[in-house]
1. Hey, could you check the range 171-208 for residues that are touching a Gly at 6+ places or on another chain (Cβ under 9 Å) and among the aromatic types (Phe, Trp, Tyr) and say which is farthest from Asn246 (Cα to Cα)?
2. State the number of residues belonging to the range 5-47 that are buried (at least 21 other Cβ atoms within 10 Å of the Cβ), at pLDDT 95 or above and assigned to a strand (DSSP E or B).
3. Would a scan of the range 88-99 turn up a residue that is within 16 Å of Ile14 (Cβ to Cβ), in a loop (DSSP other than H, G, I, E, B) and touching a residue at least 12 places away in the same chain (Cβ under 8 Å)?
4. Inside the range 293-324, can you point out the residues that are hydroxyl-bearing (Ser, Thr, Tyr) and under 30 Å from Leu79 (Cβ atoms)?
5. Going by what's in this entry, would Glu163 be described as in contact with a Pro (Cβ under 9 Å, 6 or more places away or on another chain) and of a type outside the set (Gly, Ala, Ser)?
6. What pairs can you find where one residue is in the range 300-313 and more than 14 Å from Gly261 (Cβ to Cβ), the other is at pLDDT 95 or above and assigned to a helix (DSSP H, G or I), and their Cβ atoms are less than 9 Å apart, with a gap of 6+ or different chains?
7. Report yes if Pro162 is within 30 Å of Arg226 (Cα to Cα) and surrounded by fewer than 20 Cβ atoms within 10 Å (Cβ to Cβ), otherwise no.
8. On the basis of being over 20 Å from Gly240 (Cβ atoms), assigned to a helix (DSSP H, G or I) and not assigned by TED's automatic domain parsing to the domain that holds Gly249, does Ala303 make the cut?
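The values are calculated or read from the model by the stated rules, or taken from the named source; none is laboratory data. Owing to the predicted nature of the structure, the values given are computational and were not obtained by experimental measurement. Positions of Cβ are generated from backbone atoms using ideal geometry, with glycine treated the same way; all protein chains shown enter the neighbour counts.
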Amino acid sequence: MRVLLIGSGDVGNIGSFFVDALKSLGHEQYFIESEYIKDRSSLFHKIASRLIGRRPITYWKTNREVRETVRRIRPRITLITKGQWISPDTLKQAKNEKTCLVNYATDDPFNLNVSSSDLIEGIPFYDLYVCTKRAIMDEVQQAGCQKVVYVPFAYEPKLHFPERPSAGEEAKRFSSDVVFVGAADRDRLPIMRKLVAGPWQLNLYGGFWNRDRQLKNYYRGFVLGRDYRLVLGGAKVCLGLVRRANRDGHSMRSFEIPACGAFMLAERSDEHLEFFKEDKEAAYFGSDEELLSKVRYYLSHEAERRRIACAGYQRVITGKNTYQDRLATMLQYAKELLK
């Protein structure tokens, strides 16, 4: 089946995972990179973006390429990951070409910090909206999409597998007691400030931690690819936090941490409890105090920590939790609409 995929092909991005998955599933696939500008912090981009409604300067080029490609190859299915900068007019023209439009919603489209008016106004044009969070499903349907389903995040076996830092400089760089990989959201700052007061080594990776006066000394930059795997493999406790502004019940890390054989201490949520048994395949917390207590406990109980990490790893790799599995599920939903 001919499938057009639109998304980011950056390392560690779901778009790149789906490219490989489509090949493995035997589909004729075409890919359009929707993130042309890698450095949006430049003064030129900021000025140009503001002049065109805070859109990326490649907005028109991307939408033109989507329209021309759909018209030329006539895909049976067009799968868009997020689609923040795909205009409603582009979606409307794609529908006129009889392609089944599918959105894989990696973020909450109604969270304006990570969304756009294009994304919200485009919802009615999609034939299928695949949500990674149950909390947004009713609103997506109310916004005009008739078929809304829930499909969780996953892991990529070629990237997410157990690997520990070797001795020497690698171990020095990547080893830690507690690690968190993710952005410095405002609601995450208070608990991290409490964590740094503890008698353990905390490493923080991701955006904006260096902007906080108290946490900047624990900031270690960004990690991708093998470095990301080594960060998880070198930590005794890996924190799994959800984004409240995104109405997450779980995140990409929820599967990536166990898939890398690491011990996960995550926020207690219905979705996390659905995926991993508490204190057997993952550990959970529901308050700042419980988080601090659990960190102290598991840092001093290595055997139990390793046993839980091993069980979590087995649950992930034997439970059809790869992005190829997720893609197969989505394509099956789309095929039913094409009948």
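1. Phe174
2. 2
3. Looking only at the range 88-99, we keep the residues that are within 16 Å of Ile14 (Cβ to Cβ), and these are none.
No, there is no match, as no residue in the range 88-99 is within 16 Å of Ile14 (Cβ to Cβ), in a loop (DSSP other than H, G, I, E, B) and touching a residue at least 12 places away in the same chain (Cβ under 8 Å).
4. Tyr313, Thr318, Thr322, Tyr323, listed by residue number.
5. no
6. Glu304/Tyr297; Glu304/Tyr298
7. The answer is yes for Pro162.
8. Numbers: over 20 Å from Gly240 (Cβ atoms): yes; assigned to a helix (DSSP H, G or I): yes; not assigned by TED's automatic domain parsing to the domain that holds Gly249: no.
In short, no.
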